[in-house]
1. Mind checking which residues of region 174-210 are of a type outside the set (Gly, Ala, Ser), touching a Phe, Trp or Tyr at 6+ places or on another chain (Cβ under 9 Å) and surrounded by 21 or more Cβ atoms within 10 Å (Cβ to Cβ)?
2. Out of 310, 249, 244, 226, which single residue is without any contact (Cβ under 8 Å) to a residue 40 or more places away in the chain, under 20 Å from the mean Cα position of the chain (by Cα) and surrounded by fewer than 24 Cβ atoms within 10 Å (Cβ to Cβ)?
3. Does region 135-149 include one or more residues that are in contact (Cβ under 8 Å) with a residue 40 or more places away in the chain, part of a loop (DSSP other than H, G, I, E, B), open to solvent by 20 Å² or more (accessible area, probe 1.4 Å) and at negative phi?
4. Select from region 318-329 the residues that are at negative phi and open to solvent by 40 Å² or more (accessible area, probe 1.4 Å) and list them in ascending order.
5. Does region 233-256 contain any residue that is in a loop (DSSP other than H, G, I, E, B) and over 30 Å from residue 202 (Cβ atoms)?
6. Give the residue that is most open to solvent (accessible area, probe 1.4 Å), with candidates limited to residues of region 73-129 that are part of a helix (DSSP H, G or I) and of a type in the set (Ser, Thr, Tyr).
7. Please indicate, with yes or no, whether at least one residue in region 160-173 is in a loop (DSSP other than H, G, I, E, B), at pLDDT 95 or above and buried (at least 23 other Cβ atoms within 10 Å of the Cβ).
8. If you go through region 266-279, how many residues are open to solvent by less than 10 Å² (accessible area, probe 1.4 Å) and in contact (Cβ under 8 Å) with a residue 60 or more places away in the chain?
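The values are calculated or read from the model by the stated rules, or taken from the named source; none is laboratory data. Bear in mind that the values here come from a model prediction, so they are computed numbers and not experimental data. As a convention, Cβ positions derive from the backbone with ideal geometry for all residues, glycine included, and neighbour counts pool all protein chains shown. Keep in mind that these areas ignore ligands, DNA and RNA; they rest on the heavy atoms of the full protein, side chains included. Shrake-Rupley method; radii C 1.70, N 1.55, O 1.52, S 1.80 Å.
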Amino acid sequence: MTAMSSSASSSSIAISGTNVFEIGTYKVVLQIIEAAERSACSSKTKSSSSSSTSPPTNPPPPKPLLIGMPCEAAGEFPVLLLLHGYLLSNSFYSQLISHIASHGFIVIAPQLYTIAGPDTTDEIKSTAAITNWLSNGLQPLLPPNVQANLSKLGLAGHSRGGKVSFALALGKEEIGTSLKFSALIGIDPVDGMDKGKQTPPPVLTYAPHSFDLDMAVMVIGSGLGEVKKNPLFPPCAPKGVNHEDFFNECRKPACYFVAKDYGHLDMLDDETKGIRGKATYCLCKNGQSREPMRRFVGGVVVAFIKAYLEGDSSHLLAIREGVETLPIELQSVKFPL
């Protein structure tokens, strides 16, 4: 785990590279993986001949994937696993995935389910299976010049996906992985409907600093997530099971941001299609525009994983010290490093 210095002053921070809240310098390709196939960046394609008897050289993933990756530049890149929210499509995060990948990361967003009940155990198992698949299954899907560095692996999740991310990292249901995560991110995580109405398996214990995690943690919250859109629907991130409660149980090193005037789904794509896509505009209290919140989430995720996967803490320190200009106003910031 890379430690961040807590004594840096704003005058001494030298920010490396591009602004994390803007699109990075890497050209990105998004690839949908239903079964193992070669990258869209490669000139070679999987043979469709029915007469071929050769077994596939790489196993298919346990779940369909959307992968965002640097395409033209050669190099070795850290990997971030990103889990979608409740009943959402992984494609709704395409712009967020592209933002993160453009700064030199491989982002893998599985489609964990299309229909799900309250119990998240299957999602935890599926995420573990995908993580275990990465060692043999990921590299053949990447361009020949792009190498996945699985020793620098992060786990992130939005909403219910945030709960699943924490559950897997905490070893809930005694589900483990063959690879080690070095950074954990909860993007407006939600543990159920209300305190006492957590979905199984419950993650929150309501004991301060109770999360026993051998990794750095970041929690991002939305100021409007606990506000009802209308009297007919509950808030999308209810108080008592939301970002505040998750952060209260984190230990150092951890950081916490709450976006003022933005809602639970405001980091999604500008346009989300289909019935579920249209529902994202109706069920949750939203801000005026998704673009600023998405830029913020993308940028702060990049800053965090640069710090704890790559050892470059300059952007995260700049955000903490107010040196880096943010695209939104923050309601709360905490850095118990």
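1. Correct list: 184, 185, 189, 190, 191, 203, 204.
2. Just one listed residue meets the conditions, 244.
3. yes
4. Residues satisfying the conditions are 320, 321, 323, 325, 326, 329.
5. no
6. 91
7. no
8. Qualifying residue count, region 266-279: 4.
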